[in-house]
Amino acid sequence: MKYNFDEIIDRKNNYSAKYDELKLKFGKDDLIPMWVADMDFKTAQPIIDAIKDRVEQGIYGYTSRPNSYYESVSEWLNKRHGWDADSKWMIHSPGVVPTLSILVKEFTEPGDKIIIQDPVYYPFFDVVRNNGRELVLNTLKLVDGNYVMDYEGLEEAAKAGAKMLILCNPHNPVGRVWTREELVKLGDICLKYGVRVISDEIHSDLIYKNNKHIPFAMISEEFCKNTITCVAPSKTFNLAGLQASLVIFPIKEEREKFDNILGALDIKRNSPFSVVATEAAYRHGEEWLEQLLEYLEANIDYIYDYCKLNIPNIKPNKPQGTYLVWFDCRELGMNSEELSKFMIEEVGVAMDDGFWFGSMGEGYVRMNIACPRSIIEQALERLKTAIEKL
Ligand SMILES: Cc1ncc(COP(=O)(O)O)c(C=O)c1O
């Protein structure tokens, strides 16, 4: 089946956070929404069909999970990434961010130091701080336009007693797909000093040509035992609103502890829709995903070429993974507040401000490019016109 990613789907007035919360978030609603990370594309037809079948039954009671649910995830991870993760290691959870928060709260002590590598997905800051843990920033380094990890900084933080590291693999917002070598270096330091690794791999299926996602826990037996991994069909198949993710615990006691916590909160179940959508995605969504990746990559190339030719003072990175493009706008010479105002008032595009991701993000914006090409063309035209007026 050939999917049409050029189709414009009107998402306004449909309780879409990306569209209907523009005014709340940016103070205006006539902006092109390229912020929060969901896609303006319909998901794969087998997923829509599975949900439709479920809707047609007309009964949406408490829902159980068949073993095949977890098996579909396990088979997917093996097929796409070569990771033979046992389906018995997996626990369903309503989302990656709530999972991170529970892991921080239940697997560390108040006041413990937790490392994150900024600029990074901003809820990482919140899950540490809001649980009363000490945030330790091991800021990425920008070397010849490429973001790399600061291993010296990491070793120092680990030596100083950090208990946990939240790894973003691949990395939002800078789009790095970490190589095996990079992950091994990080993992060795964590093992040496007893730092637990939480690997957020929500973007792991959105990988572009010549890059390979390496599940962190797959690298070695020791890494596996030291890691709790989060995966989800939500970014890959545009299912974020269904609130389903998976947490992979190789250690039985930890898995049971997490399961009990979800049980105590009574949030153990899938919705009737997420259970069928997840399995349909992992079993039948690959054809759609392959076409999506091709489309996204062409969007990225378009952006890159357009900026080079028309607005050379704006420098987008070429992400190796994720549908998020990180734009370096520092040559505009604006501070964070001015840049944010400029994008809203003058350009008319709603993007994530770079500083939300940490202070290294000042002077940057993050554009969500998972939308029809025509929307990207409009947004870039607006950017060009506004810059010409400066
Ligand atoms: C790295 C990362 N983790 C987690 C999430 C959100 O996960 P969830 O919606 O399952 O809480 C996002 C969303 O953009 C993300 O980029």
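So which helices of the chain fit the span-like rule, where a helix is a whole DSSP H run, its Cα atoms reach 15 Å or more along the axis, and its mean Kyte-Doolittle is at least 0.5?
96-107
Anything over 23 Å Cα to Cα? Flag those among Lys163/Lys318; Lys28/Lys389; Lys79/Lys163; Lys315/Lys389; Lys88/Lys192; Lys28/Lys341, in the order listed.
Violating the 23 Å Cα-Cα cut-off are Lys163/Lys318; Lys79/Lys163; Lys88/Lys192.
Quick one: if you take sqrt(5λ) for each eigenvalue of the C-alpha gyration tensor of segment 20-156, what semi-axes come out, biggest first, whole angstrom?
Gyration-tensor ellipsoid for segment 20-156: 33, 25, 19 Å.
Select from Ile219, Ser271, Leu183 the residue farthest towards the positive end of the dipole of the chain; place +1 on Cβ of Lys and Arg, -1 on Cβ of Asp and Glu, and compute about the Cα centre.
Checked the options; the winner is Ser271.
In Å, what is the Rg of the alpha-carbon atoms in the chain, and how long is Dmax?
20.7, 61
So, counting K/R as plus one and D/E as minus one, what does the shell of residues with Cβ under 11 Å around Lys105 add up to?
Around Lys105, the charge tally is -2.
Suppose every Lys and Arg Cβ carries +1 and every Asp and Glu Cβ carries -1, with no other charges. What dipole size does segment 55-107 come out with about its Cα centre, to the nearest 20 debye?
Charge dipole, segment 55-107, about its Cα centre: 120 debye, nearest 20.
In nanometres, what is the gap between the two model label sites at Glu331 and Glu109, each 7 Å from Cα along Cα-to-Cβ?
5.2 nm
Give the shape of segment 188-243 as rounded, prolate or oblate, defined through the alpha-carbon gyration tensor: a ≥ b ≥ c are the square roots of its eigenvalues, a/c under 1.5 means rounded, and otherwise the shape is prolate if a/b is larger than b/c and oblate if not.
Because a/c hits 1.5 or more and a/b fails to exceed b/c, segment 188-243 counts as oblate.
List the residues, sorted by chain then number, that are 5 or more residues from Gly321 or on another chain and whose placed amide H is less than 5 Å from its amide H.
Val177, Tyr208
What distance in nm separates the simple spin-label points at Gln57 and Thr385, each placed 7 Å from Cα in the Cβ direction?
5.1 nm
Using a 1.4 Å probe on the protein heavy atoms only, what accessible surface does Trp356 show? Give it in Å² to the nearest 10.
60 Å²
What is the ratio of the Cα radius of gyration of segment 331-371 to 2.2 N^0.38 Å, with N the residue count, to two decimals?
Expressed relative to 2.2 N^0.38 Å, the Cα Rg reads 1.11.
Could you go through segment 6-15 in sequence order and give the Karplus-derived ³J(HN,Hα) for each residue, using 6.51 cos²θ - 1.76 cosθ + 1.60 with θ = phi - 60°, rounded to whole Hz, and x for Gly and Pro?
Residue by residue, segment 6-15 yields 7, 5, 8, 10, 6, 9, 6, 6, 10, 6 Hz.
The values are calculated or read from the model by the stated rules, or taken from the named source; none is laboratory data. For clarity, every value in this text was computed on a predicted model and none was experimentally measured. Here the Cβ is made from the backbone with ideal geometry for all residues, glycine too, and neighbour counts use every protein chain on show. To get the accessible areas, we keep the full protein, side chains included, count just its heavy atoms, and leave off ligands, DNA and RNA. Shrake-Rupley method; radii C 1.70, N 1.55, O 1.52, S 1.80 Å.
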